[in-house]
Amino acid sequence: MLVFLAAIALVVVSFIVISMLSDRITFKMSFRNIFRRKANTLLVVAGSMIGTALIVGSLAMNDSLERFIYSQIRETLGEIDQVVVTSAESDRGYRRLFQLDEVKELTSLLDEEDLIDGVLPILAREVTVGKEGSARSMDRSLSTSAAVMGVDFSLLADFGSQGVSLADIDPLVQNDLPQVLITRELSKTLQIEVGDVLEVMIDTAERLLFWIELPRVMVSGIVDAQGVLGYSGLRQGMNNAKIIMNPDDARRILRIGIENSFNELLISNRGDYLSGAALTGTVIERFEESGLEDEFTMVPIKEQRIRMATQGNVGLLFFALSAFAVFAGILLLSNIYLMLAEERRTELGTLRALGYTRKRVARAILFEGFFYSIIASAAGVVVGIIITMQILEGFVDLVSDVSMLLPIENAAMAVSTFEQAFRFFIKPESIFFGFFLGLLIPLAIIFFSGKRISRMNIVAAVRGIPQVLGKKPKRFLRYLEYILLGVSVLMVYSGISDRNGAVFLAGLTLGLLIFPLSFPFKRRRIMESICSISLIVFVMLSNHVTFIAEQSIDSIPLMIVKGFAILFAGLLLVVYNLKTFDNILGTVMRNGKNRSPVVKVAIAFSARNKLRTGLTVAMYAVVVYIITLVSIIPYSQEKMLEESRNDVFLGFDATVFAAGLQGRLPSEAEIGAIRGVESVTTLDSAFTRILLPSGRYSTVPAYLLDDEFAESTIHRNVVLWEGVSETQQARENIWKYLSQRDDVIIVSASVLPEVVLGDNVQLYLPAKVEIIGPGFFMPASPELAEEDISLGYFRVIGKIPETSFTFFNGIFMPRSVVDEELRSDMIVDSTFLLNASSDKDLKQTKQEIFDLSIRTNSLSFFVDDIIDLVNTAVRGIVDILRSFLYFGMVVGIVGIAIVMFKALYERKRLVGMMKAIGFTRGMVFRSFLLETSFIVVVGLALGFVTGTLTTYEMFSSPFFEGFEVFMPWGQFLFMGITFYLVSLLVTLAPSYIASRLSPAEALRYFE
Amino acid sequence: MAFIEVKNLSKVYTNGEVSVDALKDVSFEIDEAEILSILGPSGCGKSTLLNCLSGIDEPTSGQVIIDGIDIHALSDNDKTRFRAFNMGFVFQFYNLIPVLNARENVELALLTTGVPEKQARRLSVDTLDRVGLNQRAEYFPSQLSGGERQRVSIARALVHNPKIIWADEPTGALDTETSKELMDLILDLNKTNNQTFVIVTHDDRISNYSDRILHVDSGKIVSLESVKV
């Protein structure tokens, strides 16, 4: 695409330059036009520059985000595509170690088929590390968690297409201590330098066992945590603190007695870090054929990470945003250059009369446009880059600010990693792409406008008479309409037969918008309006069409098509009915001294210049449309979150839970002893299997509630089964009722959507669970096993709605249902829920709970902090998106300024006439401002209405089921008034100049 | 006392260091219901004189007293209002608002004087009828011929029944036949409504319709002669 654009640009520029040299007089004329009206030139260049800047800015946003996503993958995985681990688990969740011989068959098979370019056995485990004498310290600046990775350094150089080079690491003088490499992040966190000795603590319990000597290592080099060196193992977190050593040393330090044993086999597919992932499917097939499937598991880690990264909402949001921002930029460019061409019409007509050929006439305006667009697109690239840099910097600062709210040890390190990775980035091709678009769009518009004018009747061109289309162009247009109509029918058909919502809706949109133009309807305006309204109504109800509803969740094209359909239909509806606005405003504003002629003139100009008004209205509407979407959705989520305050921790104020494998929970008594804690309850969780009505088994967490829970919870968001008696139905009593029975349960709709209130379901406890990561457990087998224990049948008496924002989703039952012995075997996790007094000592209570968490390596969260955190993060992201869109709003504002300045020049003589026949200065001034107001208000209203309609449409999709729309009226009012006032402000100058024009001079005005 | 008194009117245009005397101490009088033609070669200052007389341009010195009011002593807004109620304008290039139709263009002159819209509509249609354009009331300027546009322009000048109508080269953009028709119309209106017409032209045939002819050259009055139609 880029090469194609570059080639076109090169041909066009060469053609224009050669033409300039061969037609010096036309060149001179075009060049001098630039300096004729400096303010006008400045506005054209400014507008054109902003259009380009918006396009470049959008591309840069996407590039930065994409680079961040892929840099994370590259940094943490490098060329690792799959990881092979043993399937079996120990009681504590550790996987069995294996020896290389066990996987030899697989590696040979993959090697023979040339599917891979490297295998690397490693030993990886999370530990706590500190400088000599500091690993046991509670001070986070002295000790931190890090991943130990044992790897054969000699194999690193051959791993992957490029290998991992450690050539610049100088070996230290040998001593008794194992030599290790550490990552730069770890070095930075603990101020470690080469030559320092580190202590490694495998289990946090050793913190208290101070008589046990911790193993020590010496740092012989500091490396960047990239690729394989950035990988921490399947079970470790995402931070980049690593200690890399040879496998023998790793075994000694981790106290592994089995020689030549490893816990992970890293596999790099042929190709680089991205292209290799394409072979994952084939590699997994070979793995399944190798017979290792029973003993080993192959994790397609690269594929998983790419999928996770590219499905993120932020990426989607930026993509949609960019599409609309680019569209707004194109609209601005189109508007400016169409106006320029129109302005030059009389001159070009005169040139034709003087004997200029059509080609030379078209060339004259092309040269002028070339000067403007080449300056503007170059400047636009620079401006777009600078503005996007500022916005992204704001984004990184926001993440740092939000991270400060997180009471998590590794947050600062993770943010530092994020800060380094999420930086402004723009691909060279994006710069060229933006530049070429900024150059070619104006040239294309000017070229076709020039052509159109050159073909006009000379008298019509000179005298400014609207050109009536000749038979030939009319016929051409008619055929084009028929062809487009045919294309739309084909698209609709193809969309239905392939069940492709985006194609179907795009076809329908095209068809409905073209249809009224294709036939000579007597009352075309009515037909056009009916079609536009029908399209909006259809899109709003489109989620009732099954295949569209299914794709509404994740089809980005469908989302964009829906948005464009509503926006376009709304825009055309307004443009078709501009005259109606004229009549309405005329009637509404008829009364009042001098108001009528002012309104008449102001609205008439906008209503009759449909193309210009339509384009300017569209510029406002597009940006306001997307701002509306970006405002309503997070605001609704924020409101729903606030309304779910009592759902987050099931009606308690705070929670305390163990942090991963190394964490330990404090006792209930320890928490209860803290001043300000009013009640504490222990929420034990165990995995249960539930036999669903469909005959399928589902495994979900079961939360075992004690009496204290029922006494203290204020959670009420439960939909009750009508079978429970009236007194029991009172939501205040439902948890108490549950705690007194051993045959009823409450379930979360989010994890068990199939279960219906009143169902009698059978529950089992799985005999085996496995640890799949720090704090993450799963039953060893997804299906019901023979040794699983039946708990009996339970009636579902309540459901927590799917929209409830809570940390605990699963089945809720009284603790007494599971007998004590069984409980001690099956409980995989415990969490404390507590209520705290909300008096002035709350801060102190929080601090004490936090300190207790630190001491025990557990985590504690308060619900209000969580809500604040989520809202701050959401608001921050939305504010940054909005700031980009406010920049987009400049498009509309510059557009209206250009329109009004042009109007000033175009209507100079008319203003003179108006003043001559009795328009006072104030009336002329008001007529200009009213014209601006009309365009701006219609644009803002259209964007707002279509944006709101689109939001309602989105919320009607299955993805947002149960979500409610909340309108941020305050934000909208502020935004609307601000944009309106700024728009008026930029048109004050032309309005004032017009009002001060001397009628005699204005009447003499001829250029 | 004359209806319009012009006393020692001078106008100097200054462009950088260059000054041009467009009008040099001009004095004369115009009677009520008179048709006065201002004649002279191109660039002699006749349009400048008309602009200063009508109050759309400021003289450097001198007075223009219309019906006892020194119009240049008025504030800009008062002067504008005075024009709105007492004057009508016909321009060489019509100066119709392209986005308003013929009727709306005519209405504009009434609406500026505060006439209610319904009444303005009725009066505009009547006036268009008087100038022979009743069938074209809803046409936009671009759909009318040059003569028709000038008729609309005249209708706009007449609709609010002003005391004076200023016409700057009203036939300048028209052919001979249309020019004659238009002047006949002006003459007829003058007789019927008793309005004062001041017409700037360089066409001798137009001046034949006048009661008096003011010859101007190099910003000075060369002669002021009576003509019998």
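The values are calculated or read from the model by the stated rules, or taken from the named source; none is laboratory data. As the structure is a computational prediction, the values presented were derived from the model and not from experiment. No Cβ is skipped: glycine too gets one built from the backbone with ideal geometry, and neighbour counts run over all protein chains shown. For the accessible areas, the whole protein counts, side chains as well, though only heavy atoms, and no ligand, DNA or RNA atoms are used. Shrake-Rupley method; radii C 1.70, N 1.55, O 1.52, S 1.80 Å.
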How many angstrom lie between the Cα centre of the stretch A:837-909 and the Cα centre of the stretch A:336-353?
47 Å
How large is the charge dipole for the protein assembly as shown, taken about the Cα centre, if only the Cβ atoms of Lys, Arg (+1) and Asp, Glu (-1) carry charge, to the nearest 20 debye?
9540 debye
Solvent exposure of the stretch A:82-299 as accessible area per residue, Å², 1.4 Å probe
45 Å²
Out of all DSSP beta bridges with both ends in chain B, state the antiparallel percent to the nearest 5.
55 percent
Per-residue mean of other chain beta-carbon atoms within 10 angstrom of the beta-carbon, peptide A:920-931?
2
Average projection area in nm² (convex hull over Cα atoms of the stretch A:82-299, one quarter of hull surface):
12.4 nm²
Which of the residue pairs A:610/A:908; A:471/A:522; A:579/A:610; A:915/B:11 have a Cα-Cα distance greater than 18 Å in the structure shown?
A:610/A:908; A:471/A:522; A:915/B:11
In degrees between 0 and 90, to the nearest 10, how far off the longest principal axis of chain A does helix A:100-112 point, with axes built from Cα atoms?
30 degrees
The correct ranking of A:32, A:360 by accessible area at 1.4 Å, largest first, is A:32, A:360
GNM on chain B, Cα springs under 10 Å; top mean-square fluctuation among B:90, B:152, B:18 goes to B:18
Fully extended, how many nm does the chain gain between residue A:722 and residue A:998 (0.36 nm per residue separation, minus their Cα-Cα distance)?
91.2 nm
In whole Å, what is the distance between the alpha-carbon centres of the stretch B:28-103 and the stretch A:1-57?
45 Å
Computing the accessible area with a 1.4 Å probe over protein heavy atoms, can you report the carbon and sulfur percentage for the protein assembly as shown?
57 percent
Among B:115, B:131, B:64, residue whose mean-square fluctuation peaks in a GNM of chain B (springs only between Cα atoms under 10 Å)
B:115
Can you give the extra length, in nm with one decimal, that the chain gains between residue A:154 and residue A:427 once fully stretched, where that is 0.36 nm per residue apart less the Cα-Cα distance?
94.7 nm
In the protein assembly as shown, what % of DSSP beta bridges are antiparallel (nearest 5)?
75 percent
Listed residues B:72, A:715 arranged by accessible area, highest first, probe 1.4 Å
B:72, A:715
Estimate for me the total accessible surface buried between chains A and B (protein heavy atoms, probe 1.4 Å, no ligands or nucleic acids), in Å² to the nearest 100.
2900 Å²
Based solely on its DSSP helices, what 222 nm [θ] is calculated for the protein assembly as shown when runs of n ≥ 4 H residues each add -39,500 (n - 2.57) and the sum is averaged over all residues, nearest 500 deg cm²/dmol?
-17500 deg cm²/dmol
Computed curve, chain B, Cα-only Debye sum without solvent term, log₁₀ I(q)/I(0) at 0.07, 0.12, 0.14 Å⁻¹, is -0.22, -0.64, -0.88
Would you list, by chain and number, the aspartates and glutamates whose Cα falls below 19 Å from the Cα of residue B:7, excluding same-chain residues fewer than 8 positions away?
B:21, B:25, B:29, B:31, B:32, B:34, B:57, B:58, B:67, B:70, B:217, B:225
Per the Kirkwood definition applied to all pairs of different Cα atoms, how many angstroms is the hydrodynamic radius of the protein assembly as shown?
37.0 Å
Mind checking which of A:871, A:135, A:538 is farthest towards the positive end of the protein assembly as shown's charge dipole, using Cβ charges of +1 (Lys, Arg) and -1 (Asp, Glu) about the Cα centre?
A:538
Of all chymotrypsin sites (Phe, Trp or Tyr not before Pro) in the stretch A:467-521, which ones are in loop regions per DSSP and have a Cβ with at most 16 other Cβ atoms within 10 Å?
A:521
Charge dipole (debye, nearest 20) of the stretch A:82-299; +1 at Cβ of Lys and Arg, -1 at Cβ of Asp and Glu
1080 debye
Accessible area per residue in Å² at 1.4 Å probe, computed on the stretch B:4-226
40 Å²
Residue B:27 accessible area, assembled protein chains, probe 1.4 Å, Å²:
60 Å²
Magnitude of the Cβ-charge dipole (Lys and Arg +1, Asp and Glu -1) of the stretch B:4-226 about the Cα centre, nearest 20 debye, reported as 540 debye
Would you be so kind as to list the residues of the stretch B:107-131 that have their accessible area lowered by at least 40 Å² in the full protein complex compared with their chain by itself (1.4 Å probe)?
B:108, B:111, B:112, B:117
Whole-Hz Karplus couplings 3J(HN,Hα) for the stretch A:48-59, θ = phi - 60° and coefficients 6.51, -1.76, 1.60, Gly and Pro as x, run 5, 5, 5, x, 5, 4, 5, 5, 5, x, 5, 5
If each residue of separation counts as 0.36 nm, what is the full-extension length gain between residue A:786 and residue A:974 once their alpha-carbon separation is subtracted?
61.3 nm
Among the chymotrypsin sites (Phe, Trp or Tyr not before Pro) in the stretch B:2-35, which ones are in a DSSP loop with at most 11 other Cβ atoms within 10 Å of the Cβ? Mind listing them?
none
